[in-house]
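What follows is calculated from the coordinates using simple rules that are stated; it is not laboratory data. Remember, it's a predicted structure, so these values are computed and weren't measured experimentally. All Cβ positions, even for glycine, are placed from backbone atoms using ideal geometry, and neighbour counts span all protein chains on display.
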Amino acid sequence: MILFIALLLFGCRQDMHDQAKYEPLERSTFFGDERSARTPVEGTVARGQLREDSHFYEGKIENQPAHTFPVDLDEALLKRGQERYNIFCAPCHDKTGGGKGMVVRRGFKAPPEFHIDRLRESPVGYYFDVITNGFGVMSGYAEQIPVADRWAIIAYVRVLQTSQNATLADVPEAQRKELEASRGKQ
């Protein structure tokens, strides 16, 4: 009786680790093309990869470079933009956007200053495209910089452009009085 129970328990063991399955790229006799790896159905979008908002993901509105930001501009975004700019952009563009970063001082070609009229007047979508795909000797940063961070960098570039071309008339009245008072104390 004990022998019968032992045979029953060990003889009917289902080995889950020995189940029928295909190894990656293994030949298949089931499918006509003999491939076990199937191509996705046309139009399939991986989870988290549906990018219908062309304003946010491409910097375009109706296939033209966007003139507006698809994100809310706030202090946190600008701080993130400054941080990312200093990491990815300042080595060439320098911390003020003047195009005289450390890489340039080491002999590489200088990028244009962000403060020239052409770039100050360029739409934000243009900057998004350049960061994403590159331009001239600058390579694209699509793999290194997430979409939201690209927008943060662009917002910070706009701040740099404003700061380098600001006049006293651009300063709000309350801060202007503080500046004038601090100038008188010097």
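Between T167 and A76, take the C-beta separation as r, use R0 = 25 Å, and let me know the FRET efficiency to the nearest 0.05. Using R0 = 25 Å, I get an efficiency of 0.35. Seen from C92, the other residues with C-beta closer than 12 Å to its C-beta sum to a net charge of +3, counting Lys and Arg as +1 and Asp and Glu as -1. Stretched out straight at 0.36 nm per residue, the stretch from Q19 to D117 would grow longer than its current Cα-Cα span by 28.5 nm.
What the phi angles of segment 89-103 give under the Karplus curve with 6.51, -1.76 and 1.60, with θ = phi - 60°, is a coupling list of 9, 4, x, 9, 7, 6, 6, 9, x, x, x, 10, x, 4, 4 Hz, glycine and proline written as x. Charge dipole (Cα centre; +1 on Lys/Arg Cβ, -1 on Asp/Glu Cβ; no other charges) of segment 72-167 amounts to roughly 420 debye. Taking the C-alpha atoms only, the angle from helix 75-88 to the longest principal axis of the chain is near 80 degrees. Charge tally around S54: other residues with Cβ under 10 Å, Lys/Arg +1 each, Asp/Glu -1 each, net -2. Rounded to the nearest 20, the size of the Cβ-charge dipole of the chain about its Cα centre is 780 debye, with Lys and Arg at +1 and Asp and Glu at -1.
Selection among L78, Q144, V171 by position relative to the dipole of the chain gives V171 as farthest towards the positive end (Cβ unit charges, Cα centre). In whole percent, what relative contact order does segment 72-167 give with Cα contacts below 8 Å and a gap of six or more residues? RCO, segment 72-167: 34 percent. Counting only Cα atoms, the size of the chain along its three principal axes is 107, 43, 39 Å, in decreasing order. Length available on full extension from I87 to T44: 0.36 nm per residue minus the Cα-Cα distance, which gives 11.9 nm. When a/c is below 1.5 the answer is rounded, else prolate if a/b is larger than b/c, else oblate, so apply that to segment 72-167 with a ≥ b ≥ c taken from the square roots of the Cα gyration tensor eigenvalues. In terms of gyration-tensor shape, rounded. Between P91, I154, V104, the Cα set farthest toward the positive side of the dipole of segment 72-167 (charges on each charged residue's Cβ, about the Cα centre) is that of V104.
Count Lys and Arg as plus one, Asp and Glu as minus one, and take only other residues whose Cβ is under 15 Å from that of P24; the net charge is then +1. Between F135 and R106, full extension at 0.36 nm per residue minus the direct alpha carbon distance yields a gain of 8.4 nm. Amide H to amide H, with H built 1.01 Å from N, K60 comes under 5 Å of H55, A66, counting only residues 5 or more places away or on other chains. Peptides 101-111, 172-182, 125-135, ordered by how many other C-beta atoms sit within 10 Å of their residues on average, highest first, read 125-135, 101-111, 172-182. Among I61, G32, L50, pick out the residue whose Cα is farthest towards the positive end of the charge dipole of the chain, where Lys and Arg carry +1 and Asp and Glu carry -1 on C-beta, about the Cα centre. Value computed over the given set: I61.
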